[in-house]
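Just so you know, all these numbers are worked out from the coordinates, no wet-lab data involved. In this text the structure is predicted, and so the values were computed from the model without any measurement. Heads up, the Cβs are rebuilt from the backbone with ideal geometry, glycines too, and the neighbour counts pull from every protein chain shown.
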Amino acid sequence: MRTVILGTAHGANVAGKHSPDGRLREYQYSRAMCRMVRDALLARGVKCIIDIEADLEPSLTARVSLVNRLARQHGDCIYVSLHNNAAGNDGRWHDARGFAAFVAPNASRESQRLATLLHKHALKQGLGGNRCYPSTGYYVKSLAVCRDTVCPAVLTENLFQDNRDDVNYLLSEPGMQAIIDLHVNAITEFMK
């Protein structure tokens, strides 16, 4: 059986990764979501681990090395890194909203398929937002955790931490459940 490795976003030591009002801190939100997604996947019989649960982030090189070590240790794996997006890094509220999935330029077909499924399930949850999506449903960007890992890898940006409505939704019970459900349902469908 395949193992899911969930990736946490950044760390407490990375400045600026929070909502303008400070209510949502990406590192905390990501770790909470990873734990809840892991628990939901385990309840469905899917083997799942989290890459880094500590609040401090190592370098990207160290994170990629850790993910690759976990992937080799557990065999057949996929990697999904959960983040919150930001339209700016200026401490102000912005208008961009919605979910996005990213793969690397060297992405495998499996990475692309997983990203497409994550996008599909985000739309089912009503998380499309107000931006145009590529026809594939995912964006291509040279992100180290997608580009340099030895297993299929996708990075998800779960709404915008600098959009007031997105933050309110992300911090609500229905919002948290929607983020959990989109990941769990997409990963479960991918595993079939």
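Some values worked out for this structure:
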| read-out | value |
| --- | --- |
| No Cys partner within the rule (Cβ under 4.7 Å), the chain | 34, 48, 132, 146 |
| Most positive-pole-ward Cα, 130, 94, 3, against dipole of the chain from beta carbon charges | 3 |
| Dipole in debye (nearest 20) - region 130-169, about Cα centre, beta carbon charges: Lys, Arg +1; Asp, Glu -1 | 140 |
| Leading residue at positive end of dipole, region 3-191 (Cβ point charges), from 175, 108, 121 | 108 |
| Selection of trypsin sites (Lys or Arg not before Pro), region 31-106, meeting DSSP coil and at most 14 other Cβ within 10 Å | 44, 92 |
| Between 0 and 90°, nearest 10: helix 173-191 axis offset from the chain longest Cα axis | 30 |
| Volume of the Cα convex hull of the chain, divided per residue and given in Å³ | 107 |
| Neighbour net charge for residue 36 - beta-carbon separation under 14 angstrom, K R +1, D E -1 | 0 |
| Potential extension, residue 15-residue 74 segment - 0.36 nm per residue separation minus Cα distance | 18.0 nm |
| Net charge of Cβ neighbours under 14 Å - reference residue 151; Lys, Arg +1; Asp, Glu -1 | +4 |
| Expected 222 nm ellipticity per residue - DSSP helices of 4 or more, -39500 (n - 2.57), all of the chain, to 500 | -13000 deg cm²/dmol |
| Dipole magnitude (debye, nearest 20) for the chain, charges at Cβ of Lys, Arg, Asp, Glu | 520 |
| Tilt relative to the chain, helix 109-124 - C-alpha long axis, 0 to 90 degrees, to 10 | 40 |
| Around residue 5: net Lys/Arg minus Asp/Glu count, Cβ-Cβ under 13 Å | +3 |
| Percent antiparallel among DSSP beta bridges (both partners in the chain, rounded to 5) | 25 |
